[in-house]
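The values are calculated or read from the model by the stated rules, or taken from the named source; none is laboratory data. Everything numeric here is computed off the predicted structure, so don't read it as measured data. No Cβ is skipped: glycine too gets one built from the backbone with ideal geometry, and neighbour counts run over all protein chains shown. Just so you know, the surface numbers come from the protein's heavy atoms only, side chains and all, with ligands and any DNA or RNA stripped out. Shrake-Rupley method; radii C 1.70, N 1.55, O 1.52, S 1.80 Å.
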Amino acid sequence: MVLSRKCVPVATWRLRRLLFGALFALSLLAGKHTSADEELVGLWDFFGRADVAGGYRDNVLRSGLTVEHSAFAQGTVEALLTRFWSSGAHVSSMMLAEGTRYFDAPSVDDEQFLSAVLTGGFGMGESSEGKAAISYAYQNQVLDVSETEGDLRRVLVKGHSLALEPSWKWDLGRHWFAELGGAGMRQGYETELDDYWEGTARAALLHTYGARSEVGLDYQCRWRVYDTRGETDSEGFVVPGTDLVYEQHEFGASWRHYWDAARHWRTTARLSGLFNRDNGAGYFDYDRVQFRSSMRWVDRGWDIGGTARVGHYYYHLQSVGDGRRYRDLVVLGLSVEKRLASHWLVKASAEREWDMSNDPIDDFSDWACWAGVGYEF
């Protein structure tokens, strides 16, 4: 796979410095919401974990045309550091790094992912709380870009992103809560994909019950403005001198339930509908319906979880043969962990994906399994 490259704009890195400075100011503000007389509660809390694993993937490129199988080795490191104040204010930092090395995939030697998030939160009166998070991510991974790209489907993506996300939560009484939030993100690529800015506005209504169980409704609107991509006509041809903008509206309902007082059993579910519209002739317009669910059991050193995702995509103008382009997908996952003495654990995971479409590029299947050991500190 031959990839063209371009440099990430200098403005992105300047923005990152500015946003880190903003969140540092937020941490100082959180500290000001405490007094010298307050008793510190859980002043510092730290969690760290490192895993190594080996496995096999049946379709490294997630493609229906070019199938490459390979064994792989994988390493993961994650860490969480949090500081609490008795007033409820807190500042936390989280890091996740993952690297995968393929032994027999001609197009992809390796994949990497790095994520760092810094979050601050503090009370704003007796019934509201404010939060803000700044996050950075680096990815060198095979990703599905078919939702928003014309000719591309699954490609090896190398890029950086930086986001700032403020939010506010109000206690409405009787276990009802309202949330408002937003996000601003800059995505830069070193590959053939075009860089873009993205802004998001979000609102949610939540109801809690039982042992941390929760149901909720949410809506978010997202705008994506590309640097150099232009609008297209109804046949997908670029209109010179124009700028491409996507507007997305997503409606969702979620549910999280613990089935026992000790919270050993937990299930989650989310049903959402997303509507993507471009500012041109509508060539990239599509609707997506998606359902996600998971179940997890944790007890006596065991941690067993299963996930499922089902989705349907319908494109308004894009056609394949005599019909409109569509895509259905089913993804299943299973993970098992057993903790041993002295912070050690063993784990095994598997996932299976089916993508069904009238476009041969989108019609493929993939499975992967891996097992390894981990250490918590």
Any residue in segment 142-157 that is at pLDDT 95 or above and either open to solvent by 20 Å² or more (accessible area, probe 1.4 Å) or of a type in the set (S, T, Y) (or both)?
-> no
Quick one: is L332 surrounded by fewer than 16 Cβ atoms within 10 Å (Cβ to Cβ) and within 25 Å of the chain's Cα centre (by Cα)?
-> yes
Residue selected from segment 46-61 under the condition open to solvent by less than 40 Å² (accessible area, probe 1.4 Å) and either without any contact (Cβ under 8 Å) to a residue 60 or more places away in the chain or part of a loop (DSSP other than H, G, I, E, B) (or both), by the criterion farthest from N140 (Cα to Cα) = D58
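For every residue, the table says whether it meets (1) at pLDDT 95 or above; (2) over 23 Å from G48 (Cα atoms); (3) open to solvent by less than 30 Å² (accessible area, probe 1.4 Å); (4) assigned to a loop (DSSP other than H, G, I, E, B).
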| residue | (1), (2), (3), (4) |
| --- | --- |
| V77 | yes, no, no, no |
| L80 | yes, no, no, no |
| L96 | yes, no, no, no |
| F122 | no, yes, yes, no |
| E129 | no, yes, no, no |
| Y136 | yes, no, no, no |
Kindly list, by first and then second residue, each pair from a residue in segment 251-271 that is more than 19 Å from L217 (Cα to Cα) to a residue that is hydroxyl-bearing (S, T, Y) and surrounded by 15 or more Cβ atoms within 10 Å (Cβ to Cβ), limited to pairs with Cβ atoms under 7 Å and residues at least 6 apart or on different chains.
-> W265/Y258; R266/Y258
If we scan segment 193-201, do we find a residue that is modelled with pLDDT of 95 or more, of a type in the set (G, A, S) and open to solvent by 40 Å² or more (accessible area, probe 1.4 Å)?
-> yes
Given (1) in contact with a Leu (Cβ under 9 Å, 6 or more places away or on another chain); (2) surrounded by 14 or more Cβ atoms within 10 Å (Cβ to Cβ); (3) not basic (K, R), number of the condition V373 does not satisfy = (2)
Selected residue [touching a residue at least 24 places away in the same chain (Cβ under 8 Å), under 24 Å from I134 (Cβ atoms) and not charged (D, E, K, R)] from A163, A183 = A163
Collect the residues in segment 219-268 that are of a type in the set (V, I, T) and farther than 30 Å from G306 by Cα, keeping them in residue-number order.
-> V225, T228, T232, V238, V239, T242, V245
When residues of segment 337-357 are filtered for being open to solvent by 50 Å² or more (accessible area, probe 1.4 Å) and either at positive phi or of a type outside the set (D, E, K, R) (or both), how many remain?
-> 8
Which of the following residues is under 27 Å from G210 (Cβ atoms) and open to solvent by less than 80 Å² (accessible area, probe 1.4 Å): W255, W297, W302?
-> W297
Answer with yes or no whether E192 is among the charged types (D, E, K, R) and under 25 Å from G64 (Cβ atoms).
-> yes
Assuming R288 fulfils every condition listed in (1) exposed (fewer than 15 other Cβ atoms within 10 Å of the Cβ); (2) in contact (Cβ under 8 Å) with a residue 40 or more places away in the chain; (3) under 26 Å from the mean Cα position of the chain (by Cα) apart from one, which condition is it?
-> (1)
Would you point out which residue out of S161, S115, S146 is in a loop (DSSP other than H, G, I, E, B) and closer than 30 Å to D366 by Cβ?
-> S146
